[in-house]
Amino acid sequence: MMQTAIFAAKAAGNFSKNCFQKTQQLFYKEQEEVFTQTDVQAEALIKDIIRKEFPKHNILGEETGLTKESKSDYTWIIDPLDGSENFTRGIYLYGISIALAIKNEVKIATVFNPLTNELFSAEKGKGAFLNGKPISVSQRSELSKAVIYGTELYKSKEYLKPLFDKVKNLRITSSSAYETCLVACGRIEGFVKVTTHPWGFAAANLIVEEAGGQVTNFDGSTWDTRSNKILSSNKVLHQELLDLINQK
């Protein structure tokens, strides 16, 4: 299953890379979120690869919703181009996110940025990897020296505001799956996500946990694919970040 996830992520990533910085028609959905034909075609490519190997598994994709083939407990969760706004503007921060969940618990995860050639992967209980090499979260323990990323301000402003005067650097660059993986490999200390859909976090959250980090809902409870307010961190700063977020 992991090999299928990696193969599909690379196939979709290479496809999107060939479309990068080329003129495309823009389409809009809820909250004026942009997408292109590249998003749609990349998702179709991923689904075809998964269906060929696992025809009875369910598939949940950002562009086409849930395809429920059976009563299977297995569901693939796909974001074919996480960071579509960046992609359309020629910004290299985007990724292909693929997760496999069993009864809402993610077991396999891949996030691939084809422009940086970074493939993050994890399997429950087996560690996290970047291009096949083990990764781990940072051990930075001072919030004043931490770098924290967050989702778009229209979603998360009220939760990020308490962090403005506390962290060294607060950034928003609109590719939550890839940015969450930056927590996993120790480049940043936390990611604050407010969402209504699982495809942008399902894979990356498992990668953070397997890299030694911590992921919870904003109330500190265990996350799953139904969560919508999530903090991913290097674990050392987790409680301090939760306390600040909940001051909103």
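Surrounded by fewer than 18 Cβ atoms within 10 Å (Cβ to Cβ), modelled with pLDDT of 95 or more and not charged (D, E, K, R): which single residue out of Pro134, Pro114 fits that description?
Pro134
For the structure I just gave you, tell me whether Thr180 is under 14 Å from the mean Cα position of the chain (by Cα) and in contact (Cβ under 8 Å) with a residue 12 or more places away in the chain.
yes
Would you pick out the residues in region 160-176 that are more than 15 Å from the chain's Cα centre (by Cα) and not in a helix (DSSP H, G or I)?
Across region 160-176, the qualifying residues are Phe164, Asp165, Lys166, Val167, Lys168, Asn169, Leu170, Arg171.
Which of the residues that make up region 1-45 are modelled with pLDDT of 95 or more and either hydroxyl-bearing (Ser, Thr, Tyr) or outside any helix (DSSP H, G or I) (or both)?
Thr4
Can you confirm whether Tyr92 is outside the structural domain of His238 (by TED's automatic domain parsing), over 14 Å from the mean Cα position of the chain (by Cα) and either within 24 Å of Val40 (Cβ to Cβ) or not polar (S, T, N, Q) (or both)?
Yes; evaluated as a whole, the condition is true for this residue.
Take residues that are closer than 17 Å to Lys155 by Cβ and tell me which of the strands (runs of 3 or more DSSP E) falling wholly in region 177-248 contain 2 or more.
Result: 190-194, 229-233.
Every residue in region 89-110 that is in contact with a helix residue (DSSP H, G or I) (Cβ under 9 Å, 6 or more places away or on another chain) and closer than 19 Å to Cys19 by Cβ, please.
Listed by number, the residues that qualify are Ile91, Tyr92, Leu93, Tyr94, Gly95, Ile96, Ser97, Ile98.
Within region 143-159, work out how many residues are of a type outside the set (Lys, Arg), in a helix (DSSP H, G or I) and touching a residue at least 40 places away in the same chain (Cβ under 8 Å).
Total satisfying the criteria: 4.
Filter region 102-124 for residues that are touching a residue at least 60 places away in the same chain (Cβ under 8 Å) and part of a loop (DSSP other than H, G, I, E, B); which is nearest to Trp199 (Cα to Cα)?
Out of the qualifying residues, it is Asn104.
Applying the selection to region 209-246, what residues are among the aromatic types (Phe, Trp, Tyr) and surrounded by fewer than 22 Cβ atoms within 10 Å (Cβ to Cβ)?
Within region 209-246, just Phe218 meets the criteria.
The values are calculated or read from the model by the stated rules, or taken from the named source; none is laboratory data. Please read all numbers here as calculations on a predicted model, not as lab measurements. We place every Cβ from the backbone using ideal geometry, glycine too, and count neighbours over all the protein chains shown.
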